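Written out below as structure tokens is the structure these notes cover.
The values are calculated or read from the model by the stated rules, or taken from the named source; none is laboratory data. All of these numbers come straight from a predicted model, not from anything done at the bench. Don't worry about glycine lacking a Cβ; one is built from the backbone with ideal geometry, like all the others, and counts go over all protein chains shown.
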Amino acid sequence: MTEHFKKASQHVNQNERLIFETSSPGKRAFELPPLDVPAADAAKILGRYHRLEGVSDFPEVSEIEVLRHFTRLSTWNYAIDLGMYPLGSCTMKYNPRVNEFVARLEGIATEHPYQPQELSQGCLKIIKLLEDCLLEITGMDSITLQPAAGAQGELTGLLLIRAYLQKRGNPRKKVLIPDSAHGTNPATAVIAGYQVENIKSESHGQIDVEKLRDLITEDVAALMITNPSTLGIFEPRITEIADILHHKGALLYMDGANMNALTGITRPGDMGVDVMHLNLHKTFSTPHGGGGPGAGPVAMKKILEPFRPTPVLIEKDAGRLCLDSNRPESIGRVKAFAGNFGVLVRALAYILAYGPGIRQATEDAVLNATYIRKNLEGVYDLPYSLPSMHEVVFSDARQKQNGVNTMDIAKRLIDYGFHPYTTAFPLIVPGALMIEPTESESKEECDLFIDAMKSIAEEAATNPQLVKTAPHTTRIGRLDEVGAARKPILRWKQAPARSEAAD
Amino acid sequence: MRYLPKSPAERKQMLAVVGSKSIDELFSSVPEQYRLKKALNLPGPLSEAEIIQYFKARAAENSLGYTSFLGAGVYNHLRSVITDTIIQRGEFLTSYTPYQAEITQGTLQSIFEFQTLMCQLTGQEVANASMYDGSTAATEAVLMAERLTSRSRVLVARSVHPEYRAVLKTYAKNSGLSVEEVPISADGTVDTKALQSSLKEDVAAVLVQSPNFLGAIEPIADLANIAHKVGALLVATVTEAVSLGVVNPPAEADIVAMEGQSFGLAPSYGGPYVGVIASREKFVRQMPGRLVGQTTDSNGRRGFVLTLATREQHIRREKATSNICTNQALCALAATVHLCLLGKEGLREMAHQNLSKARFALAELEKIPGVRRAFDAPFFNEFTIELPRSVKLVNAQLLREKIIGPFVLGTAYPELTKHALVCVTETITRVEIEKFAGALRSTLEQPV
């Protein structure tokens, strides 16, 4: 290791096979209390439905082996708890542990969604308070906490728009989506029954407002805008855009994935947005957990309120809360039960920790991104020069001259002890390096990151091969992804010596 | 603020570097008229101790101290402290979707193990790395069948969870799918005669649930045969996954959409849980959601990567198989750890205990005059009983004995006016079953 690697040094980690390969018949890791009723005769009761042999090839291991297995696997992961995780668009901020604690309390984690509502007032109060907080933060009139994630929030939002337009006589045909948008936007529009019309960004990466005027016809139901955009740049003409849409009877949807740039500073509801989703696993710090779970609440203006998915939280006499499913104009259910409640608990705990001071988190997030941008400008190409907010997008244009691309630089960052930034997104920047530090990084961690990025730029110029073959310090090198897709192996199977026909 | 790692002096230094006089200058791109002039009206700030206090106070307003006989898609099962110990490790908890395989092998290998466990349980060949929950998995499975068959009619058994059917309707409305329901027969399973008469060559899928919402185990193999005769696919959903420890898997179904909540996940007032889609290998390219595959690095070492991503929204955009991005990965990890702990014998024993306790409970309840079993089909840990009077009124009485009574079927099935769905898992003791039966007996003995 050279002196460049200020943050990381190598250490031994353990090898570990698949759990199935460590299995041996007769071992067990879980014991139940003895059965206190007469044992049923399963064969007699179930007849032809009886699974006589149990589950073939299921693991048989002891408790210490299970614990070690997953502990060893965990050490092969990078995580926010280990250091900066500058994945643009993902808002990898600190996940406070008290949030985990309260979500697991007896009386919170143990509650059944169908238990009587008079025995659920605690859960419903949590939902109500989170609703109120998110309405204050977004400046909207009404909200649903049902959707399980951002993409489901997008779908819910578009279905609300569809129901509203339908009631006015015509659901319309198209949804406009900028070419800088997240892939979920177009994928969602199709499920909501709309055709997607992609709109090209203008030369500064912003929405081309003049062109938009021409594009908006009586066929357009909505525009899905991400603000700040995936370039991290605020769209200052958002109210004008909303006016253009409203004038033609269309609505403005805002993808709230980047709300970490706005919380406490400004409110989408004050800028003409009709409906938006929030990603609680981004802005509101619920853990990403290797890909989920999340929650995607949808906040909206009054005009969309009647169409909210069921059930809807209402307040009855004497402050009694209840979930109401009798909503004739509702778009219906988007998910069973009452949303990802455990995620909602964590998000509320996060908001309560900050209170109005949540603005400081936004300020620090933007300060960190701007600081990194300032320090790396000139080292990496900055394709769009408007001021950025919570994230900054560079390109690999300079390094490409030596054959080094964004993925190579990202992989080399691993050797320096960092998780890579987001590569190759947004699509409007060829060879993008999308960096979002969040407010959770200290000046020292930002400086280490800047040093690492500068050092890699130098390596790309002087020793490109070193960067192109990175990472050099991980347990495994770059994997054969083409081979994985060509002949997919998607599960473990018992070696052919033994038959698995019984499974 | 304790979560923010900067001193005032450091903020000043950083501002000086970027050449801004004040923090406000960083937000100059937000037009002045939209900038908030006052602080947000939010409760807090609260210290850690106050946060815990707040949530403990809310917990006290819930159902602490009650015994519950509710299931209906959400089940209370034993969970090991090991599961929570593992999933709270920061390396799993605070990691992202494993796009950078070299530093996420832990997550990737565990997902590969999850996919394997799901295949073994369901008798299918491939399983994805999670959907939001059972309801959206069932819906996505039907949409998958629509793509595979290029047909647009769907037959759904009325014995499928009412909320699952409702979610399907929401999604189907704008996808050009027509959804029709198939009635329930006298024994509680799907009415196969009615099914056969609705089945035509234009049907993409038949959606059934087993054990179904009334508790009855469906004849999956027979239903698959019926569906296949007209080229339709059978989609089977499983809401009580522990049943697979003792009940044959829906191996004959073409797509299985399962809720994995029973595997180590707390009820948590409705979520987060974990949905899974499992299917045949030949259908994998129409599957929604993430998949992890095995491969090698340049030195021939085994490793795991996200694969077949060309199905997904971040690559295919409007042509993707689904819009799903964030999924339920940590819940899938919890299920994986839980199943490794249970192992082959533990799962079988847990399933067998459920079977035994539910049979015992039914026998105790059937002794009460006026209480009868409503359907004859075999059941796992849930069964439907018919009472001589309104279940709602009976449940109100049971609450006085600190018992949360069974699910009131009349709310979802108007024709089942006096029917209740009783769930008994291994967490319920004999004493609690006897107390429930005793309380029900004395309630029914009281004059109306």
* Structure fact -> Among B:Ala278, B:Ala320, B:Ala266, B:Ala253, the single one that is touching a Ser or Thr at 6+ places or on another chain (Cβ under 6 Å) and in the same structural domain as B:Ile217 (by TED's automatic domain parsing) is B:Ala278
* Asked: In this structure, does B:Thr336 turn out to be under 30 Å from A:Phe425 (Cβ atoms), not hydrophobic (A, V, I, L, M, F, W, C) and not in a helix (DSSP H, G or I)?
  -> no
* Asked: Among the residues of the range B:419-427, is any small (Gly, Ala, Ser), modelled with pLDDT of 95 or more and either within 30 Å of B:Thr85 (Cβ to Cβ) or touching an Asp or Glu at 6+ places or on another chain (Cβ under 9 Å) (or both)?
  -> yes
* **Filter pass, B:Leu362 being in contact (Cβ under 8 Å) with a residue 60 or more places away in the chain, out of contact with any helix residue (DSSP H, G or I) (no Cβ under 9 Å at 6 or more places or on another chain) and either crowded, with 20+ Cβ neighbours inside 10 Å or not acidic (Asp, Glu) (or both)** => yes
* Which residues, taken from the range A:242-270, are in a helix (DSSP H, G or I), surrounded by fewer than 24 Cβ atoms within 10 Å (Cβ to Cβ) and of a type in the set (A, V, I, L, M, F, W, C)? -> A:Ala242, A:Ile244, A:Leu245
* To do: Scan the range B:288-338 for residues that are at pLDDT 95 or above and of a type in the set (Val, Ile, Thr) and report the count.
  => 7
* Asked: What tally of residues in the range B:411-448 results from selecting those that are assigned to a helix (DSSP H, G or I), farther than 13 Å from B:Ile385 by Cβ and not charged (D, E, K, R)?
  -> 7
* Structure fact -> Flagged in the range B:77-102 as surrounded by fewer than 20 Cβ atoms within 10 Å (Cβ to Cβ) and over 30 Å from A:Ala79 (Cα atoms), in numbering order, are none
* What number of residues within the range B:129-151 are within 13 Å of chain A (Cβ to nearest Cβ), outside any helix (DSSP H, G or I) and surrounded by fewer than 23 Cβ atoms within 10 Å (Cβ to Cβ)? -> 0
* Asked: Across the range A:101-114, what is the number of residues that are free of Cβ contacts under 8 Å to residues at least 40 places away in the same chain and surrounded by fewer than 21 Cβ atoms within 10 Å (Cβ to Cβ)?
  -> 6
* Return yes or no: is B:Pro5 part of a loop (DSSP other than H, G, I, E, B), within 7 Å of chain A (Cβ to nearest Cβ), over 23 Å from B:Pro272 (Cα atoms) and in contact (Cβ under 8 Å) with a residue 24 or more places away in the chain? => no
* Quick one: which residue in A:Leu82, A:Leu124 is assigned to a loop (DSSP other than H, G, I, E, B) and more than 7 Å from every other protein chain (Cβ to nearest Cβ)? => A:Leu82
* To do: Look at A:Glu136 and say whether it is at pLDDT below 95, acidic (Asp, Glu) and either in the same structural domain as A:Pro420 (by TED's automatic domain parsing) or over 30 Å from B:Leu64 (Cβ atoms) (or both).
  => no
* Asked: So which residues in the range A:28-63 are more than 7 Å from chain B (Cβ to nearest Cβ) and either in a loop (DSSP other than H, G, I, E, B) or among the β-branched types (Val, Ile, Thr) (or both)?
  -> A:Glu31, A:Pro33, A:Pro34, A:Asp41, A:Leu52, A:Glu53, A:Ser62
* Restricting to strands (runs of 3 or more DSSP E) lying wholly in the range B:164-248: which have 1 or more residues that are within 22 Å of B:Gly260 (Cβ to Cβ)? -> B:203-209, B:233-238
* Asked: How many residues does the range A:391-420 contain that are under 16 Å from A:Ile476 (Cα atoms), charged (D, E, K, R) and under 23 Å from the mean Cα position of the chain (by Cα)?
  -> 1
* Structure fact -> Considering the range A:154-183, residues that are more than 28 Å from the chain's Cα centre (by Cα) and assigned to a helix (DSSP H, G or I), and then whichever is farthest from the other protein chains (Cβ to nearest Cβ), we arrive at A:Lys167
* Restricting attention to the range B:264-312, which residues are touching a strand residue (DSSP E or B) at 6+ places or on another chain (Cβ under 7 Å) and among the small types (Gly, Ala, Ser)? -> B:Gly275, B:Ala278, B:Ser279, B:Gly289, B:Gly293, B:Gly303
* Please tell me if A:Glu131 is among the charged types (D, E, K, R), surrounded by fewer than 24 Cβ atoms within 10 Å (Cβ to Cβ), under 30 Å from B:Ile403 (Cβ atoms) and more than 7 Å from chain B (Cβ to nearest Cβ). => no
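Residues are listed down the side, and each one gets a yes or a no for (1) at pLDDT 95 or above; (2) in contact with a helix residue (DSSP H, G or I) (Cβ under 8 Å, 6 or more places away or on another chain); (3) among the aliphatic types (A, V, I, L, M):
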| position | (1), (2), (3) |
| --- | --- |
| B:Met144 | yes, yes, yes |
| B:Val156 | yes, yes, yes |
| B:Asn174 | no, yes, no |
| B:Glu181 | yes, yes, no |
| B:Gly188 | yes, no, no |
| B:Asp191 | yes, no, no |
| B:Ala204 | yes, yes, yes |
| B:Val208 | yes, yes, yes |
| B:Ile220 | yes, no, yes |
* Looking only at the range B:252-305, count how many residues are outside any loop (DSSP other than H, G, I, E, B), more than 7 Å from chain A (Cβ to nearest Cβ) and closer than 26 Å to B:Met350 by Cα. => 10
* Condition met for B:Gly245 (closer than 30 Å to B:His338 by Cβ, among the small types (Gly, Ala, Ser) and in contact with a Lys or Arg (Cβ under 6 Å, 6 or more places away or on another chain)) -> yes
* Please note which helices (runs of 4 or more DSSP H) are completely contained in the range A:420-503 and include at least 3 residues that are within 14 Å of chain B (Cβ to nearest Cβ) and surrounded by fewer than 19 Cβ atoms within 10 Å (Cβ to Cβ). => A:443-462, A:481-486
* Would you check if A:Arg412 is of a type in the set (Lys, Arg), surrounded by 24 or more Cβ atoms within 10 Å (Cβ to Cβ) and within 14 Å of chain B (Cβ to nearest Cβ)? => yes
* Restricted to the range B:29-73, and to residues that are within 7 Å of chain A (Cβ to nearest Cβ) and among the polar types (S, T, N, Q), which residue is nearest to the chain's Cα centre (by Cα)? -> B:Ser68
